[in-house]
């Protein structure tokens, strides 16, 4: 009975991890600007990795590799949001504007602005 519950929890964690990673991938591909992409990449990807590693921890049981997996989980929870913050802060310092609903520039215009440092606006 306990093995069945454990197997179910492992499968649930792995499926949730894959789901959040898929959502993160779609968000990075579909969202319009660096700020939105960094947001989805940091949050959904952190949750995806967190659930996947939790599934690994549950499957390993109480062993020495479990401690390493938990430390990896803590490391990911600290570094992913920190990296996203650093990326968005550098984008802000470079003067990259966030996309708005009123923004009628095309992808070509945005690429030209990125190449010239925003001097075309």
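The values are calculated or read from the model by the stated rules, or taken from the named source; none is laboratory data. Since we're looking at a predicted model, the values are computed, not measured. All Cβ positions, even for glycine, are placed from backbone atoms using ideal geometry, and neighbour counts span all protein chains on display.
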Among the listed residues 86, 44, 98, which satisfies the condition of being touching a residue at least 60 places away in the same chain (Cβ under 8 Å) and either touching a strand residue (DSSP E or B) at 6+ places or on another chain (Cβ under 7 Å) or under 30 Å from residue 115 (Cα atoms) (or both)? 98
Based on what the data block shows, is residue 66 surrounded by 13 or more Cβ atoms within 10 Å (Cβ to Cβ), without any contact (Cβ under 8 Å) to a residue 12 or more places away in the chain and either in contact with a helix residue (DSSP H, G or I) (Cβ under 9 Å, 6 or more places away or on another chain) or closer than 22 Å to residue 18 by Cβ (or both)? yes
Go through the stretch 1-24 and count every residue that is farther than 14 Å from residue 46 by Cβ and surrounded by 14 or more Cβ atoms within 10 Å (Cβ to Cβ). 6
For the stretch 7-25, pairs from a residue that is touching a residue at least 12 places away in the same chain (Cβ under 8 Å) to a residue that is assigned to a helix (DSSP H, G or I) and surrounded by fewer than 17 Cβ atoms within 10 Å (Cβ to Cβ), with Cβ under 6 Å and 6 or more apart or across chains, are 10/59
Against the definition (touching a helix residue (DSSP H, G or I) at 6+ places or on another chain (Cβ under 6 Å) and outside any helix (DSSP H, G or I)), how does residue 98 come out, yes or no? yes
Being under 20 Å from residue 38 (Cα atoms), over 18 Å from the mean Cα position of the chain (by Cα), at pLDDT 75 or above and surrounded by fewer than 10 Cβ atoms within 10 Å (Cβ to Cβ), is that true of even one residue in the stretch 95-104? yes
Enumeration of residues in the stretch 2-28 that are touching a helix residue (DSSP H, G or I) at 6+ places or on another chain (Cβ under 9 Å) and either over 22 Å from residue 76 (Cα atoms) or not in a helix (DSSP H, G or I) (or both): 6, 7
